[in-house]
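Inspection log for the structure reproduced underneath, given as structure tokens.
The values are calculated or read from the model by the stated rules, or taken from the named source; none is laboratory data. Just so you know, these numbers come straight off a predicted model, no measurement behind them. Every residue, glycine as well, gets a Cβ built from its backbone with ideal geometry; the counts of neighbours run over all protein chains shown. Calculation scope for accessible area: heavy atoms of the full protein, side chains included, ligands and nucleic acids excluded. Shrake-Rupley method; radii C 1.70, N 1.55, O 1.52, S 1.80 Å.
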Amino acid sequence: MKERKQDPKKRIYNFDEVSFGLDHEQALNEAKRCLNCLKPMCVQGCPTKQKIPQFIQKIVQGNLEEALELIIQDNPFPITTGKICPAFCEKRCVLGIKGSPIQIRLLKRYVTENTDYTKIKIHRKDLTGKKILIIGSGPSGLSAAFFLSKEGHDVTVYEKMKIAGGMLYYSIPNYRLPKDALSKELQLIKNAGVNIITSHEVKDFKDIINKFDAIYIATGAWKTKKMNIIGEEKAINAVQFLFDVNSGKDVKVGEKVIIVGGGDVAIDASRTALRLGAKDVEIVYRRSKEEMPASPNEIEEAENEGVKVTFLVNPIEITNKKIKLVKMELGDLDESGRRKPIPLENSEFYIEADNIILALGQAVEPIEGIDTTTQGTIQVDQNYKTNISNVWAGGDSVTGPATVISALSVGKRVANEINKELSQ
């Protein structure tokens, strides 16, 4: 079963949502396919360990509000994950061994689109008197805030941006995740007792350490990595590009746009450039398609919309409206587990472009007093605790850029670790 989508030839002229999910008949037929396994491998595949067979059975029974309540027990972002989750759970579904797996993500989306969020009750334990600060309102920070507040703790979230949501709001384009969907989830988290304070940046971390019983750093990875090539300053930062577009700024791209990179940010930047009026959008990536870290589905969607992807090339210089590249070949495996790209001699060539956008991955801004790894991420132990006794860290600030569902799972786990320590 394939998700219903807009015609690629029509959808590139606006930022309307591309996909439409399942209708009632499709959802019911798909839910009835579930075997309700005694040892559901789909649950093992889900980073947040959601109660997948149980909520699917609620769909079969017609109890969608109960299905949503089951989902929210482990995931406070059911709308978001119903739309953009890579669905690790489906890769473990036993029906996928010889046929097609249950479309779990689409069933979750169906539930969220056919229930009234205002009727969902959040069960919160008695207040403990413990004060907890979350720094960053992305998926990991808000996930931790949600679960800690349910335990009865006094949870405050500091967000330096004007609007909460982190990368969900400022980086993911509207055609993938509409802003009104995110606002419903933010209200759900607030209904759990979480106090979210926006436009509040922590400038002196040392000043707040002793004001809270526990602190969770979930600041994400907003700093862009560099290539260190000539003329790099003439290119556009992909994260900043998406940030500006999502913030409502009037962004001009020109007719020909080159995107450098192979991750989901590169794909989002390319599809966004099309919607801003670019006629010719090309992604250049130094490895092959097999090594490309972006979601295969997102790559396919971009190509369907007209984005060209050129593999095994790498930039070596950027000049005014021109990029110099070199052809590559793949060698032995490197530390990432992928084959290392090696430049081919005398293979340089130029491509002219109105704008060049660099999507090379993100890095973490350091925090004074918090130890970091050699990769620049925050250093934590097996329970996500930092070198400071009452400070934890997680999400992209620890792992580097990862999926939303992975960030949610870390937030949930950190909440459990903080709650255990505060309950002793």
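Would you compute, from DSSP H runs of 4+ residues alone, the mean residue ellipticity of the chain at 222 nm, taking -39500 (n - 2.57) per run and dividing by the full residue count, rounded to the nearest 500?
Working: 15 runs with 137 residues, N = 424.
Per the formula, -9000 deg cm²/dmol.
Holding the Cα-Cα limit at 26 Å, pick out from LYS39/LYS412; LYS256/LYS289; LYS91/LYS327; LYS32/LYS125; LYS91/LYS119 the pairs that are longer than that. Please report the intermediate quantities before stating the final value.
Details: LYS39/LYS412 22 Å; LYS256/LYS289 22 Å; LYS91/LYS327 35 Å; LYS32/LYS125 35 Å; LYS91/LYS119 32 Å.
Beyond 26 Å between Cα atoms: LYS91/LYS327; LYS32/LYS125; LYS91/LYS119.
Mind checking which of GLY400, ALA164, ILE230 is farthest towards the positive end of the chain's charge dipole, using Cβ charges of +1 (Lys, Arg) and -1 (Asp, Glu) about the Cα centre?
ALA164
Beta carbons within 10 angstrom, averaged per residue: use that to sort the peptides 153-160, 109-116, highest first. Provide the component values of the computation, followed by the final result.
Values: 153-160: 22.1, 109-116: 20.1.
Those peptides, ordered most packed to least, come out 153-160, 109-116.
Would you mind classifying segment 268-363 by shape? Square roots of the alpha carbon gyration tensor eigenvalues, ordered a ≥ b ≥ c; an a/c under 1.5 is rounded, otherwise it is prolate if a/b is larger than b/c and oblate if not. Write down the numbers at each step before the final one.
Numbers: a/c = 1.99, a/b = 1.20, b/c = 1.66.
Oblate shape, in that a/c is at least 1.5 and b/c is the bigger or equal ratio.
Could you sort 290-303, 331-344, 269-282 so that the peptide with the highest average Cβ count within 10 Å comes first and the rest follow in order? Write out the running numbers ahead of the final one.
Numbers: 290-303: 16.8, 331-344: 12.2, 269-282: 22.2.
Highest to lowest by the protection proxy: 269-282, 290-303, 331-344.
Per residue, how much accessible area does the chain show when a 1.4 Å probe rolls over the protein heavy atoms, in square angstrom? Please list the in-between numbers first.
Values: 20040 Å² over 424 residues.
Ligands and nucleic acids excluded, the result is 47 Å² per residue.
Helix 139-150 versus the longest principal axis of the chain: what is the Cα-based angle in degrees, 0 to 90, to the nearest 10?
0 degrees
What does the convex hull of the alpha-carbon atoms of segment 1-133 project to on average, in nm²?
On the way: hull surface 44.3 nm².
For the Cα atoms of segment 1-133, the hull's average projected area reads 11.1 nm².
Equivalent ellipsoid semi-axes for segment 45-198, as square roots of 5 times the alpha carbon gyration tensor eigenvalues: give them largest first, rounded to whole Å. Provide the component values of the computation, followed by the final result.
Working: eigenvalues 151, 66, 40 Å².
The three semi-axes for segment 45-198 are 27, 18, 14 Å.
Quick check on the chain: take the gyration tensor over C-alpha atoms, sort the square-rooted eigenvalues as a ≥ b ≥ c, and tell me if it's rounded (a/c under 1.5), prolate or oblate.
Details: a/c = 1.77, a/b = 1.25, b/c = 1.41.
Here the chain falls in the oblate category.
Take the solvent-accessible surface of the protein heavy atoms, probe 1.4 Å, and return the percent of it on the chain that carbon and sulfur atoms account for. Don't jump to the answer; show the numbers that get you there.
On the way: 9440 of 20040 Å².
On the chain, the fraction of accessible area on carbon and sulfur atoms equals 47 percent.
Explain nothing, just the number: relative contact order of the chain, from Cα pairs under 8 Å at least 6 residues apart, as a whole percent. It would help to have the intermediate numbers written out before the result.
Values: 873 pairs, mean separation 69.8, N = 424.
Over the chain, the number comes to 16 percent.
To the nearest 10 degrees, how steep is helix 52-61 against the longest Cα principal axis of the chain, on a 0 to 90 scale?
70 degrees
Helix 264-275: angle to the longest alpha-carbon principal axis of the chain, degrees 0 to 90, nearest 10?
Between helix and principal axis, roughly 70 degrees.
I want to verify a result. In a Gaussian network model of the chain, Cα cutoff 10 Å, which of these has the top mean-square fluctuation: ASN314, ASN210, ASN14?
ASN210
In the Gaussian network model of the chain, springs joining C-alpha atoms below 10 Å, which of VAL202, VAL307, VAL239 carries the largest mean-square fluctuation?
VAL202
Identify unpaired cysteines across the chain, taking unpaired to mean no other cysteine Cβ lies under 4.7 Å from the residue's Cβ.
CYS34, CYS37, CYS85, CYS93
Tally Lys/Arg at +1 and Asp/Glu at -1 over every other residue whose Cβ is under 14 Å from the Cβ of GLY136; what's the total? Could the numbers behind the result be given before it?
Values: positive: LYS160, LYS223; negative: GLU159, GLU201, GLU365, ASP396.
My count for the surroundings of GLY136 gives -2.
Compute, for segment 180-230, the length of the dipole vector about the Cα centre, with Cβ point charges of +1 (Lys, Arg) and -1 (Asp, Glu) only. Units Debye, rounded to 20.
On the way: 8 positive and 6 negative charges, 55 e Å.
About 260 debye.
Report the local net charge at LYS256: Lys and Arg +1, Asp and Glu -1, summed over other residues whose C-beta lies under 10 Å from its C-beta. Spell out each step's value before the answer.
On the way: positive: LYS279, LYS321; negative: GLU255, ASP280, GLU282, GLU352, ASP354.
Here the charged neighbours net out to -3.
Quick one: which of 357-370, 33-46 comes out on top by average Cβ neighbours within 10 Å, and what's the full order, highest first?
On the way: 357-370: 18.9, 33-46: 15.6.
The most tightly packed comes first, giving 357-370, 33-46.
Could you give the size of the charge dipole of the chain about its Cα centre, using +1 on the Cβ of each K and R and -1 on the Cβ of each D and E, expressed in debye and rounded to the nearest 20? Mind showing how you got there, number by number?
Working: 60 positive and 56 negative charges, 169 e Å.
With only Lys, Arg, Asp and Glu charged at Cβ, the dipole is about 800 debye.
If you put +1 on each Lys and Arg Cβ and -1 on each Asp and Glu Cβ, how big is the dipole of segment 77-232 around its Cα centre, in Debye rounded to 20?
400 debye
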